[in-house]
Amino acid sequence: MSIGATLAAARRHAGLSIAEVSARTRVRENIIEGIEQDDYAACGGDFYARGHIRAIAEAVGTGPASLIEEFDQTWRSAQEMTAAEAFQPVLPVRKRERRRVRWTAALAVLVLAVIGFAGYKFASGVGKTQRAADAAGQRPTHAGQPVAAAATTPSVQAGIAKASGAQASPTATPSASPVVVRALTPAQVTAFGPAGTADGDDPQRASFAIAGDPATPWYSDWYATADFGDMQAGTGLLLDMGRPVTISSVRLSLGGAAGASLQLRAGSQPVLADLPPVASSTASGTLTLRLGTPVHARYLLVWFTKLPPDPAGTYQVNVYRITVQGQR
């Protein structure tokens, strides 16, 4: 019996519907339906598929260990290579490397030739310039012999100006323009999960996170533990600024109890791997994340890595105001 058939039979034996299993595990119904049909495409990768299988198995009362072992033997993704596979020699790669070495040698010879020619032209130009300067700095005497013209040094010029009563004009120094920092309005706010915008929490209310009304915030899903029940790495909100901007700080207003841990991530693509952390904090209420060095990016991700407890005994966070400060 396959993994999906085993989980489906255990669920029916426990008298549970797919909706009830979803409520217990916080795994979406479409993912549970896919797993029961041995379709893991919606899981977002092997790591999350194993977590979903474990959570569903525990919810329907069957052991997850043998199911996960079967998943690794039968459904392991092709992207998961072993160390031995990664270091197996591949002949075409070596051929390309030898060809690349030959091209590198040819390029090095060409660069040296260009540098030598440029050095020759530079030396020739310096000699001509020096001869022209010598010619311009000489004047003939009555005897026909050249005599170097007297050079006026800056100190002599200053003495002449002082003797004649003239004042030297000071050199103007350009002043630096002040940096204007202002509030920047995001073009769009989207719920964001480990797989991107496709699996964010409470996507319909994501825009409430910048509305500023504490009575109608955006809520994350609730989870059994502060670290998302070991099912995922985090959850958050993606701010699309519409175009690249320079960000100096972000101010957040959170509702609920203390205990949230979050990262501020920024980048040019709305993909978790392309949004490196630029600031982090552990706090509640209203907090300001100031960047030591302003960041130039189009996308900002408020990424929660730990959730605070809620009155129901589970873990959840809500956000009702996000303000971005920087420059267009």
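Brief remarks on what is shown
- Against the conditions (1) buried (at least 17 other Cβ atoms within 10 Å of the Cβ); (2) modelled with pLDDT of 90 or more, G229 satisfies every one except (2).
- Output for the range 241-254, where each listed residue is open to solvent by 20 Å² or more (accessible area, probe 1.4 Å) and either not β-branched (V, I, T) or not in a strand (DSSP E or B) (or both): G242, R243, P244, S248, R251
- Long-range neighbours under 9 Å by Cβ, at least six apart or interchain, first residue closer than 20 Å to M231 by Cα within the range 286-309, second modelled with pLDDT under 90 and acidic (D, E): none
- Some residue of the range 180-196 being closer than 15 Å to V302 by Cβ, among the β-branched types (V, I, T) and assigned to a helix (DSSP H, G or I): no
- Selected residue [modelled with pLDDT under 95, of a type in the set (A, V, I, L, M) and in a strand (DSSP E or B)] from V278, V302: V278
- Taking the criterion of being touching a Leu at 6+ places or on another chain (Cβ under 8 Å), open to solvent by 50 Å² or more (accessible area, probe 1.4 Å) and of a type outside the set (V, I, T), no residue of the range 285-305 qualifies.
The values are calculated or read from the model by the stated rules, or taken from the named source; none is laboratory data. All of these numbers come straight from a predicted model, not from anything done at the bench. So basically every Cβ, Gly included, is an ideal-geometry build from the backbone, and we count neighbours across all protein chains shown. The area values use the complete protein model at the heavy-atom level, side chains included, leaving out ligands, DNA and RNA. Shrake-Rupley method; radii C 1.70, N 1.55, O 1.52, S 1.80 Å.
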